[in-house]
Amino acid sequence: MTKRFLFLLLLAGWQQVTAQSLFMPRNIRQAYEKQTRNESGAPGARYWQNKANYDIQVKFEPATNLVSGSETIVYTNNSPDTLRFLNFKLFANLFQHGAIRNMVVTAEDLHKGVAIKNFKINGVSRNLSAVTGTNMPVNVDDLAPGQKAQISLDFSYVLNENTHIRTGSVDTGAYFIAYFFPRVAVYDDVNGWDMVPYNGVTEFYNDFSDFRVAITVPGNYQVWATGDLKNSQEVYTDTYLQRIARAEKSHEVIDIIDSADIRKGNISPRNATNTWRFEASNVVDFAFATSNHYYWKAASVEVDPVTKRRTRVDVAFNPTHLDYFEVIDYARATVDKMSHHFPKWPFPYPHITIFDGLDQMEYPMMVNDNPVSSKAGAIELTDHEIFHTMFPFYMGTNETIYAWMDEGWATIGEWLISPMIDSSIVDSYGMPNYNAIAGKAQDLPVMTPSNQLTDAYMTNSYPKPALGYLYVKDMLGDSLFLKALHHYIRTWNGKHPQPYDFFNCMNTGSGKNLNWFWKSWFFDDGYPDLAIEKVIHNGQRYEVTVVSKGTKPVPVDVTVLFDDQTTQQLHKSIECWEKGNKAVTLSFTSSKKISKVILGSTWVADVNPSDNVKVF
């Protein structure tokens with residue numbers, strides 16, 4: 001055996017050990033043992049995921065808030081397992097009497113649950129047991145690997161009027177309707193059936209599916225929805241078809257519906273009802289919104305310089321909410337910045353609609369955003385929710401258990417894109433929350449399943465993971481970071497990545513083993529606490545020594561103020577703590593006299609900033 005071969009063999013063994021050095025729960029480990037996932041970060045040779053096609057006819061009656069419809073689902077079992085039951089999600093049962101909730105619902109919005117009738121599997125009627133809550137398991141004849149099941153049913157419930165939790169009535173004449181149809185839950189290679197109930201706080205995990213949805217509303221209502229409108233000539237008169245076509249080709253903002261259009265009332269054919277037909281392929285959810293008095297502004301953005309593909313950006317809003325007249329500019333800029341700056345990936349969908357609602361929530365190609373009082377707030381909310389297009393929707397992550405795999409990305413997206421839109425913005429969303437909770441008993445590792453969290457849910461979902469992503473970006477540099485991130489996106493879009501797939505993809509894509517960082521920031525307890533230990537100088541050479549009093553590494557940012565009011569910035573990435581050292585020294589030369597040294601910056605967490613200043 002040559003020395004070179006022995007070295008390569010030992011190196012391969014070391015790489016295998018380090019790739020496994022992060023603690024991995026047994027249910028996730030078995031996916032690697034079964035070769036559905038690979039420690040390189042790629043899907044394994046035996047990776048699979050199931051698929052459903054939905055054909056839905058839904059009717060909404062504003063006078064009564066009744067949502068009713070029928071659907072046919074073709075569900076394909078691509079797993080190696082024989083399925084003996086199917087679990088259905090009834091998310092509207094959040095408002096059911098007796099359902100367990102961790103959000104407040106007014107008594108007026110409680111109902112008996114989603115009513116399901118004429119339930120059939122492969123044409124055979126099935127009697128359903130009564131369910132309380134959002135899971136509805138249904139026994140089936142053995143569904144073998146590779147087989148399909150056709151499910152048909154009718155459903156109805158009353159849309160919530162007073163308690164708007166991601167969906168519901170906005171005002172008299174405006175409604176955002178999401179989670180309205182019974183759907184087959186995810187069955188995956190890690191946990192089997194997703195049986196985690198929807199209780200209000202934690203969000204969703206759905207399979208990539210194809211949708212054909214026909215939405216019937218009163219004739220004076222407009223509809224915006226996930227997917228492409230397939231019968232535009234049946235629901236819009238010529239004037240509006242022309243305006244929409246202009247918006248799809250122009251960066252210029254087009255007023256598709258304004259006050260004059262609302263007064264004239266000739267937007268759609270004057271029928272008692274109109275039916276709007278949408279189709280969407282390979283998306284994880286479907287939502288729609290409808291109104292009889294909203295304005296509509298639109299423009300489009302070239303998102304792919306290679307293909308010249310454009311994304312239409314729509315904003316539908318109540319004209320009494322003045323901030324919304326500018327939201328089209330923020331939304332259009334966000335799509336542009338996402339496509340060309342961060343994450344520098346072409347916006348993946350043909351359109352995105354921001355609807356003036358009562359929440360701050362995302363859906364494929366749809367956003368439900370409340371009005372806000374400040375420009376900065378409107379920008380930050382708009383770009384945060386649109387950023388979710390990539391995470392979780394394009395990437396298919398499990399928000400229920402790993403909220404940080406989507407909210408953390410939307411948070412760093414907000415931090416970075418907001419000042420691109422308005423350079424006066426310094427977005428510190430979530431930082432005060434983390435600095436306040438870090439190291440306390442209720443502060444838990446980011447890897448703690450989100451559905452097990454209470455006090456730490458906000459910090460573990462938003463600022464802590466966003467800091468982790470930001471610190472890796474800083475450590476690798478923009479070019480290498482984007483190379484690694486694009487490797488992750490390219491490898492897993494349209495699938496269901498778990499945390500280890502992300503960690504391993506970033507390792508592989510960057511060519512660096514970053515497990516020391518993943519462990520310290522995502523797995524370990526602890527808190528960040530830096531302090532200035534000393535500042536010494538010898539002639540024109542200065543040294544600033546910074547000590548880590550805490551147990552979580554963070555980057556080191558130092559601002560040096562001179563007597564002439566000028567400043568100098570010093571920086572070390574989080575990599576300076578990789579070896580476990582407790583102190584680092586930053587050196588610089590200057591002929592000026594120092595007046596003050598300040599440690600810290602907006603996105604460097606620190607539980608005790610009182611020892612971060614030296615005055616001379």
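Tabulated data for the structure shown
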{"item": "Surrounding net charge for residue 549, when Lys and Arg each add one and Asp and Glu each subtract one, Cβ distance under 10 Å", "result": "-3"}
{"item": "Largest to smallest principal axis extent of the C-alpha atoms in segment 10-122, angstrom", "result": "72, 38, 25"}
{"item": "Surface per residue (accessible, 1.4 Å probe) for segment 35-137, Å²", "result": "47 Å²"}
{"item": "Accessible carbon and sulfur surface of segment 157-221 relative to its total accessible area, %, 1.4 Å", "result": "50 percent"}
{"item": "For segment 242-390: accessible area per residue (Å², 1.4 Å)", "result": "37 Å²"}
{"item": "Inter-probe distance in nm under a simple model that places probes 7 Å from Cα toward Cβ, at residue 608 and residue 132", "result": "5.0 nm"}
{"item": "Global form of segment 294-408, assessed from the alpha-carbon gyration tensor, a/c cut-off 1.5", "result": "oblate"}
{"item": "Extension gain from residue 30 to residue 193, taking 0.36 nm per residue of separation minus the Cα-Cα distance", "result": "57.1 nm"}
{"item": "Centre separation in Å (Cα based) which lies between segment 251-305 and segment 42-121", "result": "26 Å"}
{"item": "C-alpha center-to-center spacing [segment 517-561, segment 381-431] in angstrom", "result": "27 Å"}
{"item": "Candidate lysines - alpha carbon under 20 Å from residue 596, same-chain residues fewer than 8 apart omitted", "result": "534, 572, 614"}
{"item": "Spacing of the two label points (7 Å from each Cα toward its C-beta) at residue 591 and residue 275, in nm", "result": "8.3 nm"}
{"item": "Shape parameters for the chain, alpha-carbon atoms, Rg then Dmax in Å", "result": "26.4, 89"}
{"item": "Heavy atoms of residue 243: accessible area, 1.4 Å probe, square angstrom to 10", "result": "60 Å²"}
{"item": "Above-threshold pairs, the threshold being 24 Å between Cα atoms, out of 552/579; 117/230; 59/148", "result": "117/230; 59/148"}
{"item": "In Å², nearest 10: area of residue 483 left accessible to a 1.4 Å probe", "result": "130 Å²"}
{"item": "Length added when fully stretched, residue 571-residue 536, from 0.36 nm per residue minus Cα-Cα", "result": "10.9 nm"}
{"item": "Rounded to 10°, Cα long-axis angle of helix 407-421 versus longest principal axis of the chain", "result": "80 degrees"}
{"item": "Solution diffusion estimate, µm²/s, Stokes-Einstein, segment 445-519, Kirkwood Rh from C-alpha pairs, 10 °C, viscosity 1.306 mPa s", "result": "121 µm²/s"}
{"item": "Stokes-Einstein diffusion coefficient of segment 435-489, Kirkwood radius over Cα pairs, 20 °C, 1.002 mPa s, in µm²/s", "result": "171 µm²/s"}
{"item": "Reachable aspartates and glutamates from residue 592, criterion Cα separation under 17 angstrom, eight or more residues apart if same chain", "result": "543, 563, 564"}
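The values are calculated or read from the model by the stated rules, or taken from the named source; none is laboratory data. Given the structure is predicted, the values throughout are model-derived calculations rather than measurements. Neighbour counts run over all protein chains shown; Cβ positions are idealised from the backbone, glycine included. SASA here: full protein model, heavy atoms, side chains in, ligands and nucleic acids out. Shrake-Rupley method; radii C 1.70, N 1.55, O 1.52, S 1.80 Å.
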